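Undergrad: Can you read through this structure? Questions will come right after.
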Amino acid sequence: MESAVLGLVLDSSVIIEAERKRQTVEDLLNGIRQSFGEVEISISAVTVAELAHGVARAHTLETRDRRRAFLDELKLHVPVHPVTEESGELADKLSGEQAAKGVKLPLDDLLIGVAAIEQNYAVATLNRRHFESIPGVIVIQP
């Protein structure tokens with residue numbers, strides 16, 4: 001299947017759902033490619049922070065270890081897009097423009113959206129409304 005989307009930045013919602021369903025990273029990536037074709041896939045450094053937060057707040061050692069292993073495996077197979085000075089400038093510009101219209105953008109989602117803009121990718125998320133207010137972001141729900 002050929003995709004019109006150049007690539008996808010995975011939001012943590014997609015990754016967390018896969019981990020909760022006990023999918024492997026390979027299962028997750030194969031499912032995405034089955035739905036969208038052979039697209040490039042990345043995650044934002046912010047997503048890594050969100051997932052690491054989930055590791056730290058796990059209620060059991062078993063859950064913590066499973067989440068840590070999933071995150072480590074994900075980072076082996078999916079490039080992590082950094083938050084740079086330019087990312088910060090673009091996020092500030094978009095946030096300011098939207099705030100002037102009365103729209104508040106959560107910083108974590110904004111930075112994930114900026115990662116997609118910088119790579120000319122879409123955001124794959126289960127939380128469409130979190131990203132639809134970010135100008136220039138294409139939102140895809142897997």
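Undergrad: Leaving ligands and nucleic acids out of the surface, order 92, 109 by accessible area at 1.4 Å, largest first. The partial results should precede the final answer.
TA: Working: 92 105, 109 10 Å².
If we order 92, 109 from most to least accessible, we get 92, 109.
Undergrad: Related question: Given a 1.4 Å probe, how much area per residue of the chain is accessible, in Å²? Walk me through the numbers before you get to the answer.
TA: Details: 7940 Å² over 142 residues.
That works out to 56 Å² per residue.
Undergrad: At 37 °C and 0.692 mPa s, grab the translational diffusion coefficient of the chain from Stokes-Einstein with a Kirkwood Rh over Cα pairs, rounded to a whole number in µm² per second. Before the final figure, lay out each step's value.
TA: Working: Rh = 15.5 Å.
Result for D is 212 µm²/s.
Undergrad: Starting from the Cα of residue 103, step 7 Å along the direction of its Cβ; do the same at residue 40; then give the gap between the two resulting points in nm.
TA: Taking the simple label geometry, residue 103 and residue 40 are separated by 2.6 nm.
Undergrad: Also, quick follow-up: Using a 1.4 angstrom probe on heavy atoms only, work out the carbon and sulfur share of the accessible area of the range 35-115 in %. The partial results should precede the final answer.
TA: Values: 2550 of 4590 Å².
Percent of accessible area from carbon and sulfur atoms in the range 35-115: 56.
Undergrad: Right, next: Taking the Cα centre of the chain as origin, work out the dipole magnitude from +1 charges on Lys and Arg Cβ and -1 charges on Asp and Glu Cβ, in debye rounded to 20.
TA: Working: 15 positive and 22 negative charges, 121 e Å.
In total the dipole reaches around 580 debye.
Undergrad: Expressed as a rounded percentage, what relative contact order does the range 28-142 have, with Cα pairs under 8 Å and six or more residues apart? Provide the component values of the computation, followed by the final result.
TA: Values: 115 pairs, mean separation 26.1, N = 115.
Reported relative contact order: 23 percent.
Undergrad: Next up: What order do 59, 130, 77 take when sorted by accessible area (1.4 Å probe), most exposed first? Mind dumping the intermediate values first?
TA: Numbers: 59 175, 130 55, 77 110 Å².
Per-residue accessible area, sorted high to low, gives 59, 77, 130.
Undergrad: While we're on this one: What's log10 of I(q)/I(0) for the range 1-70 at q = 0.23, 0.26 Å⁻¹, Debye sum over Cα points only, no solvent?
TA: -1.02, -1.20
Undergrad: Another one. Working out 0.36 nm times the residue gap between residue 22 and residue 128, then minus their Cα-Cα distance, what length gain in nm do you get to one decimal? List each step's numbers first, then the result.
TA: Values: separation 106, 0.36 × 106 = 38.16 nm, distance 2.33 nm.
Extra length from residue 22 to residue 128 when fully extended: 35.8 nm.
Undergrad: Here is a further query. Using Cα positions and a limit of under 28 Å, work out the lysines in reach of residue 101, with same-chain residues fewer than 8 apart set aside.
TA: Straight-distance partners of residue 101: 93.
The values are calculated or read from the model by the stated rules, or taken from the named source; none is laboratory data. Since this is a predicted model, take the numbers as computed values, not measurements. Because the Cβ atoms are built from the backbone with ideal geometry, glycine has one as well, and the counts that use them run over all protein chains shown. When the accessible area is computed, the model is the full protein with side chains, heavy atoms only, and any ligands, DNA or RNA have been set aside. Shrake-Rupley method; radii C 1.70, N 1.55, O 1.52, S 1.80 Å.
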